[in-house]
2 protein chains.
Amino acid sequence: MLAGGGAVRKNAEDVLLERLLKLVPLPEKGLLGPGDDCAAIPCGGDLLLLKTDCVAEGVHFTRDQDPSKVGWKALCRPLSDLAAMGGVPGEALITFFSPPDIGSEFWVAFYRGIGRAARKFGVTVAGGEMSRQPAGIAVSVMVTGRVSRRDMVKRSGASSGDFIFVTGRLGGAGGRHHLNFIPRLKEGRWIAMHRYATAMMDLSDGLGADLPRLARASACGFEIDKDSVPRRRGCDVRSALSDGEDYELLFTCSPKKAERLNAEWKQAFPKTLLTRIGRMTHARNLPSGWPGGWDHFSDSH
Amino acid sequence: MLAGGGAVRKNAEDVLLERLLKLVPLPEKGLLGPGDDCAAIPCGGDLLLLKTDCVAEGVHFTRDQDPSKVGWKALCRPLSDLAAMGGVPGEALITFFSPPDIGSEFWVAFYRGIGRAARKFGVTVAGGEMSRQPAGIAVSVMVTGRVSRRDMVKRSGASSGDFIFVTGRLGGAGGRHHLNFIPRLKEGRWIAMHRYATAMMDLSDGLGADLPRLARASACGFEIDKDSVPRRRGCDVRSALSDGEDYELLFTCSPKKAERLNAEWKQAFPKTLLTRIGRMTHARNLPSGWPGGWDHFSDSH
């Protein structure tokens, strides 16, 4: 059994982000800003979710990979964040930085992948920007999503005692999964509309980095039965907790609802694993031995 | 007198963009998508404007420049696009790509500049993302803005005979202006709410590249009295048409309203030049000798 908590666990990326956010005006209390999977702003009677995510050469993909799959991934990454808040996707805006040794054929293939994902998940491309840069390919994708105030699920709603669930299997996404994954939009929407989740987020940096973020947002700790963590074939527990790029949903559910959740999930998503891996706690100490996930800025301090 | 038209004038960036946009689903007719300064989506009874823009090292700034000024510029660039549609700024989402040789001090200074601009122009930072990349600093900034359907000004509304106006002075922005400019939010809002503009856009790639875009969107041509183009000190006409990064407003106005526009402008903005530089025409031929503006992709085809 591994137990961990939010208070003491921040990676270098989170520390830098906190420092930067003190320098800028943030949205009013009550609106969601930095720290959740998406920002949420009032739009008519509902909420408009806004999320920006990115892919960079050498970090999220390499040049020998199929550009159309990189395009698929670039759009699906922020869609995975919309999924975690129960949102329905709307528009995408795409900004790309192109080095001198990359020609228009790369971008044509890349946009084919964007188009494939956009058609599958009901997204329209409403704008964008392109620029040269000296070296390396980088792309930022912003997506909008719609959700009612009643349906939206935040990271911050978990209570001590809530059960922790994950969809699918974790670890080993560096193989092919990270270029082919299906964002859990249907599942996230279903969880939100049936009010099963007290808190939810998507797993992009690995359970080891992301679960402490959910716990911190909810002012809780957590206990995990490490042997229960569902693993992709060939992965050990450490890999399942640390690899990142799972794009699965992590959520908490009141124990009262857990039995019904399990039963109805099997009806709704018979091919998708749903696993209870632990529970939220009062205690907020992180034990030594808790593995981190992916940390973009671990060497910058 | 220089005359030009939209039909024949597309730079390499526009050609690539057109090719890419055929590969992806676009917003329904009636909603604004790629091609105008901002996308516009319904939000309650009004419209929400969405705009993404970017700065890249070696293209929009160099490493010896003050990072806080680069931050100012990064936020003010998309605000200039909001200005051109009559929008009131709302939220910003910031994605940055950081090379290994750049530490957190750069980003702290950069965010100070973002914060300074955000406070001045009423923007809150609602989210973002950070990633490593192998080389070079790049930042994408997405902003939202609000505007009523009645007030919004598009690029496509100009008619033959409309007078062409620009704010401020053009050319030579590479000196200091490009890091210090004030986006014309007040002026753009004033023009929109007083219904002076039939079409409007902001000048970021230079009049030589941007006026043909407005003309093409409006299915018109144009004539310019080149000697009337207001120039920054030390700039010749070619420089005023080609340098780019002016961040001034370019708009068209019905001749009937032009006299009142001039009189009321002097009352509202006594310190800001407003100059009539030509008129929209039926003819859509671009003469040889029409200078292009900045073209990010001129060497990629």
### Task
Return yes or no: is A:Thr167 more than 23 Å from B:Gly127 (Cβ to Cβ) and surrounded by 23 or more Cβ atoms within 10 Å (Cβ to Cβ)?
yes
### Query
Of the residues B:Gly103, B:Gly128, B:Gly122, B:Gly171, which is away from chain A (no Cβ under 14 Å) and farther than 17 Å from B:Cys38 by Cα?
B:Gly171
### Message
Within the stretch A:229-257, take every residue that is polar (S, T, N, Q) and at pLDDT 95 or above and give me the one that is farthest from A:Gly86 (Cα to Cα).
### Response
A:Ser254
### Query
Would a scan of the stretch A:86-105 turn up a residue that is in a helix (DSSP H, G or I) and buried (at least 24 other Cβ atoms within 10 Å of the Cβ)?
no
### Message
Can you tell me which residue is nearest to A:Lys73 (Cα to Cα) among those in the stretch A:107-119 that are over 21 Å from the mean Cα position of the chain (by Cα) and more than 8 Å from chain B (Cβ to nearest Cβ)?
### Response
A:Phe110
### Query
For the stretch A:157-172, how many residues are polar (S, T, N, Q) and in a loop (DSSP other than H, G, I, E, B)?
2
### Summary
Screening A:Lys73, A:Lys69 for residues that are more than 10 Å from chain B (Cβ to nearest Cβ), crowded, with 19+ Cβ neighbours inside 10 Å, more than 18 Å from the chain's Cα centre (by Cα) and in contact (Cβ under 8 Å) with a residue 12 or more places away in the chain leaves only A:Lys69
### Message
If I go through the stretch A:51-89 residue by residue, how many of them are in contact with a helix residue (DSSP H, G or I) (Cβ under 7 Å, 6 or more places away or on another chain) and acidic (Asp, Glu)?
### Response
1
### Task
Sort through B:Ser242, B:Ser204, B:Ser218 and tell me the only one that's farther than 11 Å from B:Ile164 by Cα, touching a Gly at 6+ places or on another chain (Cβ under 6 Å) and not charged (D, E, K, R).
B:Ser242
### Task
Give the stretch A:131-187 a look and list any residue that's outside the structural domain of A:Thr275 (by TED's automatic domain parsing) and on the phi > 0 side of the Ramachandran plot, or say none.
A:Gly136
### Task
Confirm whether B:Ser204 is of a type in the set (S, T, N, Q), crowded, with 20+ Cβ neighbours inside 10 Å and touching a residue at least 12 places away in the same chain (Cβ under 8 Å).
yes
### Task
Please enumerate the residues belonging to the stretch B:219-249 that are under 17 Å from B:Leu179 (Cβ atoms) and buried (at least 18 other Cβ atoms within 10 Å of the Cβ).
B:Asp243, B:Gly244, B:Glu245, B:Asp246, B:Tyr247, B:Glu248
### Summary
Checked the stretch A:39-50 for anything crowded, with 24+ Cβ neighbours inside 10 Å and facing another protein chain (nearest Cβ under 7 Å); matches are A:Ala39, A:Leu48, A:Leu50
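Rundown of residues vs (1) small (Gly, Ala, Ser); (2) outside the structural domain of A:Met130 (by TED's automatic domain parsing); (3) at pLDDT 90 or above, yes/no style:
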| position | (1), (2), (3) |
| --- | --- |
| A:Pro25 | no, yes, yes |
| A:Gly45 | yes, no, no |
| A:Leu48 | no, no, yes |
| A:Ala56 | yes, no, yes |
| A:Gln65 | no, no, yes |
| A:Val70 | no, no, yes |
| A:Lys73 | no, no, yes |
| A:Ala84 | yes, no, yes |
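For every residue, the table says whether it meets (1) part of a loop (DSSP other than H, G, I, E, B); (2) among the charged types (D, E, K, R).
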position	(1), (2)
A:Gly174	yes, no
A:Met201	no, no
A:Gly208	no, no
A:Arg213	no, yes
### Query
Out of all the residues in the stretch B:153-160, is one or more out of contact with any Phe, Trp or Tyr (no Cβ under 8 Å at 6 or more places or on another chain) and facing chain A (nearest Cβ under 7 Å)?
no
### Query
Just a yes or no: is a residue in the stretch B:184-191 assigned to a loop (DSSP other than H, G, I, E, B), more than 14 Å from every other protein chain (Cβ to nearest Cβ) and not aliphatic (A, V, I, L, M)?
yes
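The values are calculated or read from the model by the stated rules, or taken from the named source; none is laboratory data. Since the structure is predicted, the reported quantities are computational estimates derived from the model, not experimental observations. We place every Cβ from the backbone using ideal geometry, glycine too, and count neighbours over all the protein chains shown.
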